[in-house]
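A.B. asks: What follows is a structure written as structure tokens; I'll ask about it next.
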Amino acid sequence: MRALQLLIAMNDLPTVTRRVIVPERISLADLHVVIQYTMGWQDYHLYQFSTDQDSTCYTNNSEGIEEYEYYERNPPAVPDQWEQMILAQPQRSAEMVSVRHLFANGKALNYVYDFGDNWELRITLEKVMENYQGPFPYCVAGGEAGPPEDVGGTGGFMDFLEAWHNPAHPEHSEMIIWGSSMGFTGRFEQERINLFLKHKLPLGQENVPHLLYRLNHEFLPFFRC
């Protein structure tokens, strides 16, 4: 089967990386789930993909998609500033676009998760594997542990790590309890990630399952065990 090897890197946390292999035919919504699993997130928030080639966003933001499609069908004669902004950035469903389609015109994707914490990631196509026989999606390698959900962006994560690693810190115990409750272990868990991907996203499926509720009900207990 044809597969893609991707390098996923956090823009503001360059040591937090994941190298993964995925079927080229999966949708962007499926790739989003793979990123969630490998980074240790729980899919609490909106996300979007984009490329450097155009301004289109591929997202799970149904309200944003509906709003854009409304103005696309009913373009205002003289758009105001808000309408201009909406029309300048097309919104499409991430479920309807394949990873292969976007990589046809470039070697990188942009991914933003949680518009509050605003995690920005760069996804680079490293190579195309024409006859990949291994288990996939598969996490080949990774850097440091990713930030837990709702930690407060890059600054909040730095403060969290300071308390997490320093037993003398006045908030150390509190952060250990909170971080653990969010599935944070302080390290990259390659074996566990791949075990989870193997059982939840098995080899050879035409469409990798993206039943998002499973992230909330199964992902966190798995990383606590």
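A.B. asks: How large is ³J(HN,Hα), in whole Hz, for each residue of the stretch 36-46 in order, when computed from phi with the Karplus curve 6.51 cos²θ - 1.76 cosθ + 1.60 and θ = phi - 60°, using x for Gly and Pro?
C.D. replies: 4, 4, 6, 8, x, 8, 10, 6, 7, 10, 6
A.B. asks: Please report, in cubic angstrom per residue, the volume enclosed by the convex hull of the alpha-carbon atoms of the chain.
C.D. replies: 129 Å³
A.B. asks: Hey, quick one: spin label on M1, modelled 7 Å out along Cα-Cβ, who in the stretch 38-53 has an amide N within reach, i.e. under 19 Å?
C.D. replies: The answer is 38.
A.B. asks: Return an integer: the convex hull volume of the alpha-carbon atoms of the stretch 147-187, in Å³ per residue.
C.D. replies: Values: hull volume 2.5 nm³, N = 41.
Cα-based convex hull of the stretch 147-187, divided per residue, equals 60 Å³.
A.B. asks: Taking only C-alpha pairs under 8 Å that are 6+ residues apart, what is the relative contact order of the stretch 147-187 in percent?
C.D. replies: Relative CO of the stretch 147-187 lands at 37 percent.
A.B. asks: Shifting gears a bit: For the stretch 5-64, what class follows from the C-alpha gyration tensor (a ≥ b ≥ c being the square roots of its eigenvalues): rounded when a/c is under 1.5, otherwise prolate if a/b is larger than b/c, else oblate?
C.D. replies: rounded
A.B. asks: Full-extension gain between E95 and N118, please, as 0.36 nm times their residue separation minus the C-alpha to C-alpha distance.
C.D. replies: 6.1 nm
A.B. asks: Per-residue counts of other Cβ atoms within 10 Å, averaged by peptide: what ranking do you get for 13-23, 31-41, 90-100, 64-74, highest first?
C.D. replies: Packing order, densest peptide first, comes out as 31-41, 13-23, 90-100, 64-74.
A.B. asks: Could I ask something else about it? Using θ = phi - 60° and the Karplus relation 6.51 cos²θ - 1.76 cosθ + 1.60, list the HN-Hα couplings for the stretch 74-86 in order, rounded to whole Hz, with x at every Gly or Pro.
C.D. replies: Rounded to whole hertz, the list is 10, x, x, 4, 10, x, 7, 4, 5, 5, 4, 5, 5.
A.B. asks: Here is a further query. What angle, in degrees between 0 and 90 and rounded to the nearest 10, separates the Cα long axis of helix 153-165 from the longest principal axis of the Cα atoms of the chain?
C.D. replies: That works out to roughly 10 degrees.
A.B. asks: Measure nothing fancy, just the Cα-based angle from helix 172-181's long axis to the longest principal axis of the chain, in degrees from 0 to 90, nearest 10.
C.D. replies: 50 degrees
A.B. asks: Something else: Roughly how many debye, to the nearest 20, is the charge dipole of the chain about its Cα centre, given +1 on each Lys and Arg Cβ, -1 on each Asp and Glu Cβ, and no other charges?
C.D. replies: Rounded to the nearest 20 debye, it is 1140 debye.
A short reminder: the numbers here are calculations on the coordinates, not readings from a lab. Predicted model only: the values in this text are computed from it and were never measured. Here Cβ is always computed from backbone atoms with ideal geometry, including for glycine, and neighbour counts include all displayed protein chains.
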